[in-house]
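Input: a single structure, listed below in structure tokens.
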Amino acid sequence: MQVHETIVGFADQLDRARATGRTVGLVPTMGALHAGHLSLIERAAAECDVVAVTIFVNPLQFGDPADIENYPRPLSADLARCEAAGVSAVLAPPVSEMYPGWPAPRATTVSVGAVSGPWEGAARPGHFDGVTTVVAKLFAIAGRCRAYFGEKDFQQLAVVRTLVADLSLPVTVVGCPTVREPDGLALSSRNVRLSPAERCAAVVLSRALAAGRTAVAAGERHPGAVAALMARIVGAQPTVELDYTAAVDARTLEVPARLDTTAPVRLLVAARVGPVRLIDNCEAAPAPTPSGARPTVGAGVRAVRA
Ligand code: AMP
């Protein structure tokens, strides 16, 4: 495994691999690697000849100075995990390599519209511009590849897919399922900052999602009712401060008029637990309209559009 601090060294290694006919799988991360990241690395290793991991805590995507200051950075342990997982190339650059002159502002920002707007985009102004700017740079550095992202950050995955499609980047984006603790909490590098009591409370996010999914499967068609149900469950946990819950069209991240089988549904939740802001999401499968039942006007309009 080669560990690079420079863009040119990492890019050269991947160019040489492709020149000998090998395919590249890219796993962009901010480090503090856990089993969720490793699942992306394993998928990349199963599908590509060479696995490349980037470890970079991207200052552009943090709004809260305390969040970036306290972000865990266990680089040696991360490199050992990469090596054990069969990674061939790691890019772990200093900020000055990615953003010369930092913190002076750069002239170029990559910004994706529409799908970046709601939810995390609204809660964390500038966050997705930071993500899309660094991901565009990483794609330019890595070159033609398959790139592996977690569904854990579902809106980010949608934003990155839009970036690649709109700019015709030579990258195939692969979404991978969320890895969870046995009690349902989604793995996150930020979980290490939770106290034992906060760690117990944090499971309410996945419990709310599970209840929302059950309601949708049982025939609840109103996105607002599903969001309210999930909000009630999170709100019942006094140490957790709800940010948002939503039932959205998984393709656009917009709230549909009704939840039905014409559009994939995703349930979203974000909340603050102690010092940490956590997000989670899950798929939901709406019950089919019973045969013989007349769809409402709203459902009919959506069906025609689809
Ligand atoms: P991060 O280091 O948090 O920026 O995450 C790097 C990549 O790992 C992103 O594509 C995340 O969506 C993904 N990821 C983070 N947590 C999980 C998880 N629990 N399961 C699957 N993928 C994850």
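What number, in percent, do you get for the relative contact order of region 105-208 if the mean sequence gap of Cα pairs under 8 Å and at least 6 apart is divided by its residue count? About 22 percent, as a whole number. When the chain is treated as a GNM with alpha-carbon contacts under 10 Å, the residue of Ile233, Ile41, Ile55 showing the greatest mean-square fluctuation is Ile233.
The slack in the chain from Thr109 to Asp64, taken as 0.36 nm per residue of separation less the alpha-carbon distance, amounts to 14.3 nm.
For the chain, which whole percent of the accessible surface, found with a 1.4 angstrom probe, sits on carbon and sulfur atoms? Present the calculation step by step, with values, prior to reporting the outcome.
Values: 7720 of 13840 Å².
Reported share for carbon and sulfur atoms: 56 percent.
Each label point was placed 7 Å from the Cα along the Cα-to-Cβ direction; for Arg22 and Ala218 their separation is 5.3 nm. In this entry, the chain is assigned a mean projected area of 17.1 nm², taken as a quarter of its C-alpha convex hull surface. Per residue, the accessible area of region 201-281 comes to 38 Å², computed with a 1.4 Å probe over protein heavy atoms only.
What is the sum of charges, Lys and Arg at +1 and Asp and Glu at -1, for the other residues whose Cβ falls under 12 Å from the Cβ of Cys200? Before the final figure, lay out each step's value.
Values: positive: Arg199, Arg207; negative: Glu181, Asp183, Glu198.
Here the charged neighbours net out to -1.
Relative to the dominant Cα principal axis of the chain, helix 35-47 is inclined by about 70°. Of the residues Ala44, Ala211, Ala107, the one that moves most in a GNM of the chain with alpha-carbon contacts below 10 Å is Ala107. Mind pulling the angle between the C-alpha long axis of helix 75-84 and the longest principal axis of the chain? Nearest 10 degrees, somewhere in 0 to 90. So the inclination is approximately 90 degrees. Calculated [222 nm] ellipticity per residue, helices only, for the chain: -11500 deg cm²/dmol; basis is -39500 (n - 2.57) per DSSP H run with n ≥ 4, divided by all residues, nearest 500. Here the Gaussian network model covers the chain, with springs between Cα atoms less than 10 Å apart; of Ser189, Ser39, Ser96, Ser96 fluctuates the most. Length gained on full extension, Ala80 to Thr239: 53.7 nm, using 0.36 nm per residue less the C-alpha separation.
Annotation: for a label point projected 7 angstrom from Cα along Cα→Cβ of Ala35, residues of region 57-85 with backbone N closer than 18 Å are 78, 81-82, 84-85. For the chain, relative contact order (Cα pairs under 8 Å, six or more residues apart, normalised by length) works out to 16 percent. So how tilted is helix 204-217 from the main axis of the chain? Cα-based, degrees 0 to 90, rounded to 10. Orientation of helix 204-217: about 50 degrees from the principal axis. Amide H contacts of Thr172 (H built 1.01 Å from N, in plane; Pro and chain starts excluded): Cys145, Arg146, Ala147 sit under 5 Å, all sequence-distant by 5 or more or on other chains.
Where does the charge balance sit around Val115 when Lys and Arg score +1, Asp and Glu -1, over other residues with C-beta under 14 Å from its C-beta? Please report the intermediate quantities before stating the final value.
On the way: positive: Arg161, Arg251, Arg266; negative: Glu120, Asp129, Asp153, Asp166, Asp249, Glu254.
Charge balance near Val115 sits at -3.
I'd like to compare 58-70, 79-91, 2-14: which one has the highest average count of other Cβ atoms within 10 Å, and what's the full order after that? Show your work: numbers first, answer last.
Numbers: 58-70: 14.4, 79-91: 19.3, 2-14: 16.3.
The densest-packed peptide leads the list: 79-91, 2-14, 58-70.
Per residue, how large is the accessible surface of region 48-181? Use a 1.4 angstrom probe and give square angstrom.
Numbers: 5750 Å² over 134 residues.
Solvent-accessible surface per residue comes out at 43 Å².
Magnitude of the charge dipole for region 1-68, about its Cα centre and with charges confined to Cβ atoms of Lys, Arg (+1) and Asp, Glu (-1), is about 240 debye.
Expressed as cubic angstrom per residue, what is the convex hull volume of the alpha carbon set of region 160-223? Before the final figure, lay out each step's value.
Numbers: hull volume 9.7 nm³, N = 64.
Residue-normalised Cα hull volume stands at 151 Å³.
Legend: calculated FRET efficiency, Cys200 to Ala228, from the Cβ-Cβ distance at R0 = 30 Å, rounded to 0.05, equals 0.80.
On full extension, the segment bounded by Val192 and Asp49 gains 48.2 nm, given 0.36 nm per residue less the C-alpha separation.
What does the highest-first list of 173-180, 31-38, 17-24 look like by mean Cβ count within 10 Å? Before the final figure, lay out the partial values.
Numbers: 173-180: 17.0, 31-38: 19.5, 17-24: 13.8.
Ranked from most to least packed, the peptides come out as 31-38, 173-180, 17-24.
Under 14 Å from a label point set 7 Å out along the Cα-to-Cβ vector of Met1, the amide N atoms of region 63-85 belong to 74-85.
The values are calculated or read from the model by the stated rules, or taken from the named source; none is laboratory data. Since the structure is predicted, the reported quantities are computational estimates derived from the model, not experimental observations. FYI the Cβ positions are ideal-geometry reconstructions off the backbone, even for glycines, and counts take in every protein chain you see. Protein only, heavy atoms only, side chains kept; ligands, DNA and RNA dropped before computing areas. Shrake-Rupley method; radii C 1.70, N 1.55, O 1.52, S 1.80 Å.
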